[in-house]
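The values are calculated or read from the model by the stated rules, or taken from the named source; none is laboratory data. Remember, predicted model here, so these are calculated numbers, not experimental data. As a convention, Cβ positions derive from the backbone with ideal geometry for all residues, glycine included, and neighbour counts pool all protein chains shown.
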Amino acid sequence: MSKIGKVPVKLPPGVKVEVKNRFIIVEGENGKLTQAYEPEMVTIQVRDGEAAVTRQAEDREHKARHGLYRSLLANMVQGVSSLWQKELVVKGSGFRVRLEGDELVLELGYAAPVRYKLPDGIEANVPNPNEIVIKGIDKQLVGQVAATIRALRKPEPYQGTGIRYKNEEIFHKAGKLGGPSG
């Protein structure tokens, strides 16, 4: 058995999982998520406050899908019960962020501020001008939005300026030591 796949997903109160046709539908207090799956690879059973994923055969593809669909299901359950969250830090002289409606305005040292429109299903908070908190029910979308915002000004290895994840360690390089080389 797959180590990940064999563990059943506990369903918190208020979360409903439904398996219909070729889709898994998870509803909770924060919203509703739908994920396609392959019924010829795995079977999903919901009973007694748990959802269990079992595979149809023992070959390599079935084993891979077993862990995949169990992880996707667990991520969906967690997303609809408690939101996924990524925190970003903006570091640099004059670098700052503000929220205008559903748009982030980032001043990152370019000639003009960068405007980033948040996609549907994603909300952002700016607790101070140097922090961004991205929240949503879809783990993949939250991660993608955070990565896109980080890519607007990646962390620079000499001074460490740019946008980074809150717990990200930046490897600092030593600058030039001076003097002629030769």
Problem set entry | In the stretch 22-54, the residues that are in contact with a Phe, Trp or Tyr (Cβ under 9 Å, 6 or more places away or on another chain), surrounded by 17 or more Cβ atoms within 10 Å (Cβ to Cβ) and closer than 18 Å to LYS139 by Cα | ILE24, TYR37
Exercise. Are any residues in the stretch 145-168 in a helix (DSSP H, G or I) and exposed (fewer than 15 other Cβ atoms within 10 Å of the Cβ), and if so, which ones?
Worked result: ALA147, THR148, ALA151
For this session: Could you tell me which numbered condition SER93 fails, if it satisfies all but one of (1) touching a strand residue (DSSP E or B) at 6+ places or on another chain (Cβ under 9 Å); (2) under 27 Å from LYS117 (Cα atoms)?
Result: (1)
Problem set entry | Candidate set from the stretch 55-104 (those that are part of a helix (DSSP H, G or I) and polar (S, T, N, Q)); member that is farthest from GLN140 (Cα to Cα) | SER81
Exercise. Filter the stretch 144-182 for residues that are farther than 19 Å from VAL97 by Cα and among the small types (Gly, Ala, Ser); which is farthest from the chain's Cα centre (by Cα)?
Worked result: GLY182
For this session: Among the residues of the stretch 31-54, count how many are touching a strand residue (DSSP E or B) at 6+ places or on another chain (Cβ under 9 Å) and outside any strand (DSSP E or B).
Result: 4
Exercise. What pairs come up if the first residue lies in the stretch 3-22 and is free of Cβ contacts under 8 Å to residues at least 60 places away in the same chain and of a type in the set (Asp, Glu), the second is surrounded by 14 or more Cβ atoms within 10 Å (Cβ to Cβ) and outside any loop (DSSP other than H, G, I, E, B), and their beta carbons are under 7 Å apart, counting only those six or more places apart or on different chains?
Worked result: GLU18/ILE25
Problem set entry | Condition met for GLU103 (loosely packed, with under 15 Cβ neighbours inside 10 Å, on the phi < 0 side of the Ramachandran plot and not β-branched (Val, Ile, Thr)) | yes
Exercise. Within the stretch 105-115, can one find any residue that is assigned to a helix (DSSP H, G or I) and at pLDDT 95 or above?
Worked result: no
Seminar exercise, completed: Checked the stretch 10-21 for anything surrounded by 11 or more Cβ atoms within 10 Å (Cβ to Cβ) and either under 19 Å from GLU40 (Cβ atoms) or β-branched (Val, Ile, Thr) (or both); matches are VAL15, VAL17, VAL19
